[in-house]
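The values are calculated or read from the model by the stated rules, or taken from the named source; none is laboratory data. Because the structure is predicted, anything quoted here is derived from the model rather than measured. Using ideal geometry, Cβ is built from the backbone for each residue, glycine included, and neighbour counts are taken over all protein chains shown.
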Amino acid sequence: MKTIKLYCCGCGRDVLPRLTDGKEIYPHRPDLSALPFWKCDACGNFVGCHHKTGNRTRPLGCIPTPELKKARQRIHELLDPIWQGGTMDRKKLYAAISHRIGWKYHTAGIRTVEEADRIYGIVMEYA
Ligand SMILES: [Zn+2]
């Protein structure tokens, strides 16, 4: 069985998640049933995959907790209109955030709610 090492935000460490699908994760969403997910059985959190790419089971990022998911969503709601509206180029914006936090920024890479709050504050400066 295929397995990978992935950082789990709920466990606070690298784990060996189990590959499953939308039937288990979202039983009431038949439209998602065929999609791949990595689930951490220790805490029950999970992450989706880059399922539209050649490597369809490549995880989107680390395994978030529900709180972290919400915090990331808040960032996207603030971040996306900045580059969508043309105020700043998406690449430049991401590069600016990466420079400030010291790692290559992508929202799925955020590991803690505290980190998300800090990044939210940085994005606010560009909004
Ligand atoms: Zn976990």
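Close contacts from the stretch 73-88, counting a first residue that is surrounded by 12 or more Cβ atoms within 10 Å (Cβ to Cβ) and a second that is among the aromatic types (Phe, Trp, Tyr) and modelled with pLDDT of 95 or more, with Cβ to Cβ under 6 Å and a gap of 6+ residues or different chains, come to ILE75/TYR120. Against the test of being surrounded by fewer than 14 Cβ atoms within 10 Å (Cβ to Cβ), within 16 Å of the ligand (Cβ to nearest atom) and more than 26 Å from ILE97 (Cα to Cα), the options GLY12, GLY44 yield a single qualifying residue, GLY44. So, ARG29, is that one touching a residue at least 12 places away in the same chain (Cβ under 8 Å) and not acidic (Asp, Glu) or not? Here the answer is no, as ARG29 does not meet what is asked. Please tell me if ILE25 is within 16 Å of the ligand (Cβ to nearest atom), at pLDDT below 95 and of a type outside the set (Ser, Thr, Tyr). No. Residues satisfying the criterion are present in the stretch 33-46 (criterion: without any contact (Cβ under 8 Å) to a residue 60 or more places away in the chain, closer than 16 Å to ILE4 by Cα and small (Gly, Ala, Ser)). The single condition from (1) assigned to a strand (DSSP E or B); (2) buried (at least 17 other Cβ atoms within 10 Å of the Cβ); (3) β-branched (Val, Ile, Thr) that ILE119 fails is (1). Among the residues of the stretch 4-13, not a single one is farther than 23 Å from ILE110 by Cβ and either assigned by TED's automatic domain parsing to the domain that holds ALA116 or over 11 Å from the mean Cα position of the chain (by Cα) (or both). So which residues in the stretch 69-127 are among the hydroxyl-bearing types (Ser, Thr, Tyr) and modelled with pLDDT under 95? Correct list: THR87, THR107, TYR126.
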